[in-house]
Amino acid sequence: MKHSIHFKRPLLEAEIGTAGKVTLLAGVVLVVFLCNLLFSLQLPGMTKIEIRPQIVLIAAAGYLLGPAYGFAAGLFSNLFSDLALGYGVQYFESWTVGNGLIGVLAGFCPMRRRAMLDRIGQLGLLTVFFIAANILPFAYATCVQVLEEGGFSAGKNITYFFLPAVLSNIVCMLVLLPVLLLVAGRMRLNFPVRIAFINYYLTTFVVFVSWGIFAWNFLDVAGMHGAGEESGNAFVVTYNHWTLLLVVTLLLSFVISGWVSRMLVSPIKELERSVYDVLRGHPDSLTALARFNARRDEIGLLGRTISLLGEKLIHTQALFRGEMNKRMNFVHSEDSASDLFVVGIVSLFGGESYESADLDEALKNNGRITNLSAVRILIDAAGLRELASTYSEEKVRHRLEETLPGLDGMLKDTQEKQALALALDLNLIFKGRLMVMDLEVPLESDFAFHLLENAQSLKQGAKRFIGHLTDNDIFAKMEERWFRADEYACPRLQQVLDKAVRLGRITGYQLKKTREKANFDETLRIAYCHSNFRHVKQLVALLVGEGVQAKVQLEGKVSVFLYRKEWGAQPDLSLEDCGESLFIARRKEFDVVFEFATAAQRDRFQSLIEAHAKRESDGGRTLLYESWFQPLFSSPVRVEGYQPIADIFHQDAEYSVHSYCKTTDAPALCRYFAEENLPLESAEIWANDAFCRYLNGEGV
């Protein structure tokens, strides 16, 4: 399965139980006993030492089951073997007890306290410990045998008995024990451990092959047991040198693996930490990623890719948090994440949010909410509780395990698991966040914002907009909105307003649908009028290139206005000649409405239009496509460089009409329209100079 390596249940002593330990012990004793009887590779010469790979099972029993079981495995397996082979109890005090001591020492290994080994340093310490766990028992066994039998000098005992025995066991144990621990689930094959294993076993393979070639040339392997004692002794001495070389080489392999791992893995670990910080929404994480951008290797490429993705994610989060902070400006910076979340939920869903029993309980309990209960509160507040309850146990398990193996087993409450599974299905939670957070701890501020940000997809807010300037698909959204807008008219309003234009009472008006109104923050709002999509697309691209950020809404409208003859005919205009070089023009237009991220960005808009989107009579400048002589853009609040004008308007549930005039003319116009049975209101707005000149009847 997907999680077979990283989430395999380790074989832990505390979870096996006495019956399980006894069963495993009996199995180890039986396997070692049979191997001692059926497999014998004895070294030549005066020594009677046998190479016994099965010794690793005794050490594994002590490591996995504990020192008592390790001692029993070594003692009984060796005792039964000696009895079956006819040695009786001749070697009981020496080699039989020595084998038991190997199991005892393995049971006291400090590494066994860890459920899983996952670092090269831990493997190195494990290797050193088991070298010692072989040397000490066999030193004891050799000393006992010398005292019991005598006959050989200390040098011969060390050379032909102690060293061959202990080095054979060490080599067998170092080669086979890591594999057994991996099978038992006590070792995690992460990237550093994989590097160590590759280096470790490649070294073993090379040294074994070299020794095999040497041994083949040194002795007739097939007749090894019949070799002369002098040749056999020489073989044993060479064998001692070889095994000692192998042990030292294997220890050095951990040093080399550690160096390679640090060189390769350390930057990846740093990238991993930075990615987790990005997932948590920490802006400083991009600074941490910046140092990788100068690298010319694959890690540098990965760092640059993550930086680009992180910039997009954090930028989106910053936009939302700014919006939420404006909506909840009464929340204090020292308020807890639970307070922020509760206020945000109520702000988004209103009275519906109080249907959540968890929210009600949190309010009664000083607002204490966990990350997991916050998910359930969101599902309840959004009116999805009944849907979540339909999620079967199998469906919940599949969704949670697919997202993060082992997650289903970590959670106990059925309703919370159902809510979490539904939230994942609706993309209310970014799956990567579940890898870096504890669901049971008190609600974290970053996660509260994350939930509130995604909760917007479940509730239509007061603001209407098609996207942000920096959205990847903003042009596609704008194009769809622009060209799918339908033609419309409202005769009961337009008849009165058309008459006013012909009589020269007003210079023009706009007819809009009320449901398309952006409802943006007035302090950051600019509305820009145009009728050509290509021009608007270029304008948006210009703003993006200038580093401007804003929400965007397209408010369709029918515009009727006075048009000067010198401005020339345009194919999208329907012109009605009024004499005196004036026409009444009609066409479908749009107000491109922006809500800028800051007032400073809002104030830059005028200079950008003046430089790139305003035609002059003499031409000579490269401008955006179809730029106008008298562009119109306005703000509902005072902005430096803009001039006050009056917006006289009428709005009902379906339509609104707007006409702009000088502020001094507004009262008279309101009285005029009242006499025409069309009551209008007046509001002061601020418009660009070029349009104000147009209202005053001035030229370009």
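The values are calculated or read from the model by the stated rules, or taken from the named source; none is laboratory data. A quick note: this is a predicted structure, and the numbers were derived from the prediction, not measured. Reconstructed Cβ throughout: ideal geometry from the backbone, glycine too, with neighbour counts over all protein chains shown. Accessible surface is based on the protein model in full, side chains and every heavy atom, while ligands, DNA and RNA are left aside. Shrake-Rupley method; radii C 1.70, N 1.55, O 1.52, S 1.80 Å.
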Looking at the stretch 381-401, which of its residues are exposed (fewer than 13 other Cβ atoms within 10 Å of the Cβ) and not polar (S, T, N, Q)? E386, E393, E394
Output the number of residues of the stretch 269-307 satisfying the condition of being open to solvent by 60 Å² or more (accessible area, probe 1.4 Å), within 14 Å of the chain's Cα centre (by Cα), at pLDDT 70 or above and farther than 25 Å from R119 by Cα. 1
Of the conditions (1) open to solvent by 20 Å² or more (accessible area, probe 1.4 Å); (2) outside any loop (DSSP other than H, G, I, E, B), F673 clears all except one; give me its number. (1)
Consider only pairs whose beta carbons are under 7 Å apart and that are at least six residues apart or on different chains; among these, list those whose first residue lies in the stretch 394-421 and is β-branched (V, I, T) and whose second residue is loosely packed, with under 14 Cβ neighbours inside 10 Å. T403/K431
For the stretch 676-690, the count of residues that are in contact with an Asp or Glu (Cβ under 7 Å, 6 or more places away or on another chain) and surrounded by 19 or more Cβ atoms within 10 Å (Cβ to Cβ) equals 1
From the set of residues in the stretch 515-537 that are closer than 17 Å to G467 by Cβ and assigned to a helix (DSSP H, G or I), which is least open to solvent (accessible area, probe 1.4 Å)? V536
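Taking the stretch 25-42, which residues are in a helix (DSSP H, G or I) and open to solvent by 40 Å² or more (accessible area, probe 1.4 Å)?
Of everything in the stretch 25-42, those that are in a helix (DSSP H, G or I) and open to solvent by 40 Å² or more (accessible area, probe 1.4 Å) turn out to be A26, L30, V31, F33, L34, C35, L37, L38.
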Within the stretch 509-543, of all residues that are acidic (D, E) and more than 16 Å from K477 (Cα to Cα), the one nearest to the chain's Cα centre (by Cα) is D521
In this structure, does C578 turn out to be open to solvent by less than 10 Å² (accessible area, probe 1.4 Å) and either part of a loop (DSSP other than H, G, I, E, B) or at negative phi (or both)? no
Quick check, is V247 part of a helix (DSSP H, G or I), modelled with pLDDT of 75 or more and farther than 30 Å from R119 by Cβ? no
Taking I474, is it at pLDDT below 85, of a type outside the set (G, A, S) and open to solvent by less than 30 Å² (accessible area, probe 1.4 Å)? no
Among the residues of the stretch 107-119, is any at pLDDT 90 or above and open to solvent by 30 Å² or more (accessible area, probe 1.4 Å)? yes
State the number of residues belonging to the stretch 489-508 that are within 30 Å of L542 (Cβ to Cβ) and either polar (S, T, N, Q) or modelled with pLDDT under 85 (or both). 1
Just to be sure, is L180 outside any loop (DSSP other than H, G, I, E, B) and surrounded by 17 or more Cβ atoms within 10 Å (Cβ to Cβ)? yes
Qualifying positions in the stretch 665-700 - of a type in the set (V, I, T) and at pLDDT 90 or above: I685
When you look at F583, is it out of contact with any His (no Cβ under 8 Å at 6 or more places or on another chain), in contact (Cβ under 8 Å) with a residue 60 or more places away in the chain and surrounded by 12 or more Cβ atoms within 10 Å (Cβ to Cβ), yes or no? no
Does the stretch 76-96 hold any residues that are within 27 Å of R186 (Cβ to Cβ) and open to solvent by 20 Å² or more (accessible area, probe 1.4 Å), and which are they? F76
Output the number of residues of the stretch 628-654 satisfying the condition of being touching a strand residue (DSSP E or B) at 6+ places or on another chain (Cβ under 6 Å) and over 21 Å from D603 (Cβ atoms). 4
Being farther than 19 Å from R525 by Cα and either of a type in the set (D, E) or not in a loop (DSSP other than H, G, I, E, B) (or both) is the filter; apply it to the stretch 598-635 and report the residue that is modelled with the lowest pLDDT. D618
Give the stretch 592-642 a look and list any residue that's open to solvent by less than 10 Å² (accessible area, probe 1.4 Å) and not polar (S, T, N, Q), or say none. V592, V593, F594, E595, F596, F605, I609, A613, K614, P631, F633, V639
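Taking D665 as the residue in question, decide whether it is under 22 Å from G504 (Cβ atoms), free of Cβ contacts under 8 Å to residues at least 24 places away in the same chain and surrounded by 12 or more Cβ atoms within 10 Å (Cβ to Cβ).
Spelling it out, D665 is indeed under 22 Å from G504 (Cβ atoms), free of Cβ contacts under 8 Å to residues at least 24 places away in the same chain and surrounded by 12 or more Cβ atoms within 10 Å (Cβ to Cβ).
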Out of the stretch 190-202, which residues are exposed (fewer than 15 other Cβ atoms within 10 Å of the Cβ) and under 25 Å from the mean Cα position of the chain (by Cα)? F191, R194
